[in-house]
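J.: Dumping the structure here so I can ask a few things about it.
The values are calculated or read from the model by the stated rules, or taken from the named source; none is laboratory data. Model, not experiment: these values are computed from the prediction. Every residue, glycine among them, receives a Cβ derived from its backbone with ideal geometry; neighbour counts consider all protein chains shown. Note: areas computed on protein heavy atoms with side chains; ligands, DNA, RNA excluded. Shrake-Rupley method; radii C 1.70, N 1.55, O 1.52, S 1.80 Å.
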Number of protein chains: 2
Amino acid sequence: MGKDFTKGAAWIRGQIVPVAEATIGVTDWALTHSDVAYDVVPVWEGAFFRLGDYLDRFVTSMHSCRMDVGLSRAEIEAALHAMVARSELREAYVAMVAARGTPIIPGSRDPRNCANHFYAWCVPYIHVVKPEVAEAGATLWLSDNTRRIPDDSVNPRAKNYHWGDFTQGLFEAKDRGFETVVLPDHAGNVTEGPGFNIFALKGDKVVTPDRGVLHGITRRTALELARAEGFRTEERALPVAELMEADEVFLSTSGGGIVPVARINERVFSNGRSGPVATRLRQSYFDLLRDPAHRTEIAYD
Amino acid sequence: MGKDFTKGAAWIRGQIVPVAEATIGVTDWALTHSDVAYDVVPVWEGAFFRLGDYLDRFVTSMHSCRMDVGLSRAEIEAALHAMVARSELREAYVAMVAARGTPIIPGSRDPRNCANHFYAWCVPYIHVVKPEVAEAGATLWLSDNTRRIPDDSVNPRAKNYHWGDFTQGLFEAKDRGFETVVLPDHAGNVTEGPGFNIFALKGDKVVTPDRGVLHGITRRTALELARAEGFRTEERALPVAELMEADEVFLSTSGGGIVPVARINERVFSNGRSGPVATRLRQSYFDLLRDPAHRTEIAYD
């Protein structure tokens, strides 16, 4: 019908439309209560990467938020396929969203009685950190006054849109000339940043925080790749002091893979460049994106 | 044009439309980062109540979130007037929203470079607690495992849509047969609930939390009304134990005024009915809604 899908597509209310036409109502609790479970899967060279892992996590998140969107996992997968095929995007950032909706009984304040609904959208692949910045080694601001929302307030393992702490941290980072931000928790441990997990490499050991963070699929991939390189990996509390004493620091994100870090606040790593191990892991991640074992090919027309 | 405004109206992108037609894009950071400053002002018997106070707080919230929606305070006020007049609602819940929007440079992750925008909507007056429940005395669940998002993670004094902790608490409350929920902080003090502040009355003293809560306009009204009744008022940390030892407990909300509480978990107040002082304050609030000193009349056609 001549629709323009170059900026992306959306699947919403059973229709596939250009992403700019996909909207939700201003009274939907998805917006007014940030009451959403979502997930993001990358598409690379015409295939979803680790699609089953992302769908598993999305379904788990919906259950933990007690949402029922009335679609099976297979129907959600089919919607994602049809949408990306229609967009013709071969490298894409694909979001799937379960929204609380609005109360079935007008005026109700009961989250159990809402019309939950599903939508999805895809846009050209997003790099959380631009490739040229990642290759040179990103600069990271470790906030000293904004703390990550604790896990007994909002569960970080169900991917969610509660980004107020990240947004505040991003303002602090950008004002100081840093690329992005990582937040500490209330006990002096490092947690995560807007869209990524963090890793500290020291000797033959790679450590990443376990509590108060999303258990990222790319985090999992990064741990697998590190072990394949012969490193021991540990998922546990990572004190700020230990992070600052690391040999190398890197980030993991579905939007760009492994990102070496060259600097955190005043601390310079690897002479202000990307570290050798992180650089290798970054390349290994992009190689893995091409591994048929992890790819679900999309049937474009 | 025969549009149906019985369910409410919205002012969006300079147009007044039925509320169901007011939508925002699924990629707007208002949704994907819950990056919104908002406020809600009640309309009662055809007039805004304490409109200046609500607009003051909204403008302060926008500044603290570093948003510029390109409208003056007077233009925002005019939009609210025109919208409510068009809706013909004489009792309304009126929301004004500043949204982060999307990056001006596609792919940017910098919150400083987004196209911020304003919209507003109104619906028939919302009672956060139904009047018949409020009059009988509401039941309140004090959560023992969900904590309010701390103020060094998200600033609660800029009214925001980060409700994940409240939603979790509401599920706990509803599952146990309670009307609504109030959350403790991480230090064992009481904070607030979904859409309301809380007060403990003991002897000649009324205490309400000061930190980690919205400084509600109805909270301010409740403190003024309590002082007019001869009570001393204190704004400070309110330990859970002190709340449970109160003579009376009540809530304040722009959606329903003063709400007496008859029970918190196993603790019954006022023999399971609304307390005498809270009942008087509730009536005083509805009387005050008619006080010309606080009213800004709406010019309906």
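J.: What's the angle, to the nearest 10 degrees (0 to 90), between helix A:51-64's Cα axis and the longest principal axis of chain A?
T.: In chain A, helix A:51-64 runs at an angle near 70 degrees to the longest axis.
J.: Okay, moving on. Looking only at A:ASP68, A:ASP204, A:ASP152, which one moves most when chain A is put into a Gaussian network model with springs between Cα atoms under 10 Å?
T.: Looking only at A:ASP68, A:ASP204, A:ASP152, the biggest GNM fluctuation is shown by A:ASP152.
J.: Taking +1 at the Cβ of each Lys and Arg and -1 at the Cβ of each Asp and Glu, which of B:MET62, B:PRO276, B:GLY52 sits farthest along the dipole of chain B towards its positive end, judged by Cα position relative to the Cα centre?
T.: Among B:MET62, B:PRO276, B:GLY52, the one farthest towards the positive end of the dipole of chain B is B:MET62.
J.: How large is the accessible surface per residue of segment B:72-127, computed with a 1.4 Å probe and reported in Å² as a whole number?
T.: With all protein chains present, segment B:72-127 gives 39 Å² per residue.
J.: In addition: What accessible area, summed over both chains, is buried at the B-A interface (1.4 Å probe, Å², nearest 100)?
T.: Chains B and A together bury roughly 4300 Å² of accessible area.
J.: May I have the pair-distance distribution P(r) for the protein assembly as shown, computed from all Cα-Cα distances with 20 Å bins from 0 and rounded to whole percent?
T.: Calculated P(r), rounded to whole percents: 20, 51, 26, 3.
J.: Compute the long axis of helix B:217-228 from its Cα atoms, compare it with the longest principal axis of the Cα atoms of chain B, and write down the angle in degrees, 0 to 90, nearest 10.
T.: Relative to chain B, helix B:217-228 is tipped by roughly 40 degrees.
J.: What's the center-to-center distance, using Cα atoms, between segment B:48-96 and segment A:1-55 in Å?
T.: Taking the Cα centre of segment A:1-55 as reference, the centre of segment B:48-96 is 31 Å away.
J.: For segment B:176-250, what is the largest minus smallest coordinate of the Cα atoms on each principal axis, given in angstrom and ordered from greatest to least?
T.: Ordered largest first, segment B:176-250 gives principal extents of 35, 26, 25 Å.
J.: Right, another one. Just want the answer: with Cβ charges of +1 for Lys and Arg and -1 for Asp and Glu, which residue in A:VAL41, A:THR27, A:PHE118 is farthest toward the dipole's positive end in segment A:9-124?
T.: The residue sitting most towards the positive pole is A:THR27.
J.: Pick out, in residue order, every one of the trypsin sites (Lys or Arg not before Pro) in segment B:125-200 that is DSSP loop and has at most 13 other C-beta atoms within 10 Å; say none if there are none. Spell out each step's value before the answer.
T.: Numbers: sites: B:ARG147, B:ARG148, B:ARG157, B:LYS159, B:LYS174, B:ARG176; in loops: B:ARG147, B:ARG148, B:ARG157, B:LYS159, B:ARG176.
For trypsin sites (Lys or Arg not before Pro) across segment B:125-200 that sit outside H, G, I, E and B with at most 13 neighbouring Cβ atoms in 10 Å, the list reads B:ARG176.
J.: Here is a follow-up. At 1.002 mPa s and 20 °C, plugging the Kirkwood radius over alpha-carbon pairs of segment B:9-124 into Stokes-Einstein gives what diffusion coefficient in µm²/s?
T.: 148
J.: In degrees from 0 to 90, rounded to the nearest 10, what is the angle of the helix A:164-175 Cα long axis to the longest principal axis of chain A?
T.: Tilt of helix A:164-175: around 50 degrees.
J.: Over the whole of B:126-138, what's the average partner chain Cβ count within 10 Å per residue? Rounded to a whole number, please.
T.: The shielding value for this peptide is 1.
J.: Also, I was wondering about something else. Largest first, how would B:HIS186, B:HIS63, B:HIS81 line up by accessible area (1.4 Å probe)? Please report the intermediate quantities before stating the final value.
T.: Details: B:HIS186 95, B:HIS63 130, B:HIS81 45 Å².
Heavy-atom accessible area, descending, gives B:HIS63, B:HIS186, B:HIS81.
J.: Still on this structure, please answer the following. Relative contact order of segment B:46-122: what whole-number percent is it, with Cα pairs under 8 angstrom and at least 6 residues apart? Don't jump to the answer; show the numbers that get you there.
T.: Details: 76 pairs, mean separation 25.1, N = 77.
With pairs under 8 Å counted, the relative contact order is 33 percent.
J.: In segment B:3-75, if every C-alpha pair distance is counted and binned at 5 Å from zero, what percent goes to each bin?
T.: Pairs per bin, as whole percents: 3, 12, 17, 23, 25, 15, 5, 1.
J.: Then there is this: Let me confirm one metric for peptide B:227-234, namely the mean number of other chain beta-carbon atoms within 10 Å of its residues' beta-carbons.
T.: 0
J.: Moving on. Rounded to whole Hz and in sequence order, give me ³J(HN,Hα) for segment A:66-75 from the Karplus expression 6.51 cos²θ - 1.76 cosθ + 1.60, θ = phi - 60°, writing x for Gly and Pro.
T.: Each residue of segment A:66-75 in turn: 6, 10, 10, 8, x, 10, 6, 4, 5, 5 Hz.
J.: Report the normalised scattering of segment A:201-242 as log10 I(q)/I(0) at q = 0.28 Å⁻¹, calculated by the Debye formula with identical scatterers on the alpha carbons.
T.: The computed values of log10 I(q)/I(0) come out as -1.05.
J.: Multiply the residue gap between A:ASP287 and A:SER72 by 0.36 nm, knock off their C-alpha separation, and tell me the result in nm, one decimal place.
T.: 74.2 nm
J.: Another one. Using the Kirkwood radius over C-alpha pairs as Rh, can you work out the diffusion coefficient of segment A:155-205 via Stokes-Einstein at 25 °C, viscosity 0.890 mPa s, in µm² per second?
T.: 199
J.: Moving on. On average, how much area does the Cα convex hull of segment B:104-184 cover when viewed from any direction, in nm²? Spell out each step's value before the answer.
T.: Details: hull surface 34.0 nm².
It is 8.5 nm².
J.: Next question. Ignoring any ligand, DNA or RNA, what whole percent of the accessible area of segment A:131-288 comes from carbon and sulfur when the probe is 1.4 angstrom?
T.: 47
J.: Dividing the alpha-carbon Rg of segment B:118-245 by 2.2 N^0.38 Å yields what?
T.: Relative to the 2.2 N^0.38 Å estimate, segment B:118-245 comes out at 1.07.
J.: Right, next: Do any residues of segment A:13-30 show a loss of at least 40 square angstrom of accessible area between the isolated chain and the full protein assembly, using a 1.4 Å probe, and if so which?
T.: Buried by the other chains: A:THR23, A:ILE24, A:VAL26, A:THR27.
J.: Given a cut-off of under 8 Å on Cα pairs at least six residues apart, what relative contact order in percent is computed for chain B?
T.: 19
J.: Continuing with this model, one more query. Could you tell me what % of all Cα pairs in segment A:164-301 have separations over 28 Å?
T.: On the way: 1572 of 9453 pairs.
That tail contains 17 percent of the Cα-Cα pairs.
J.: Right, here's the next one. How long are the semi-axes of the equivalent ellipsoid of segment B:42-201, taking √(5λ) for every eigenvalue λ of the Cα gyration tensor, in whole Å from largest down?
T.: Whole-Å semi-axes of the equivalent ellipsoid: 30, 24, 13.
J.: Moving on to the next point. Could you tell me the ratio Rg/Rh of chain B? Both radii from Cα atoms, Rh via Kirkwood.
T.: Value, to two decimals: 0.98.
J.: Quick one: which residues, 5 or more positions from A:THR139 or on another chain, have an amide H under 5 Å from its amide H? H modelled 1.01 Å from N in the peptide plane, none for Pro or chain starts.
T.: Placed amide hydrogens put A:GLU179, A:THR180, A:ALA262 under 5 Å from A:THR139.
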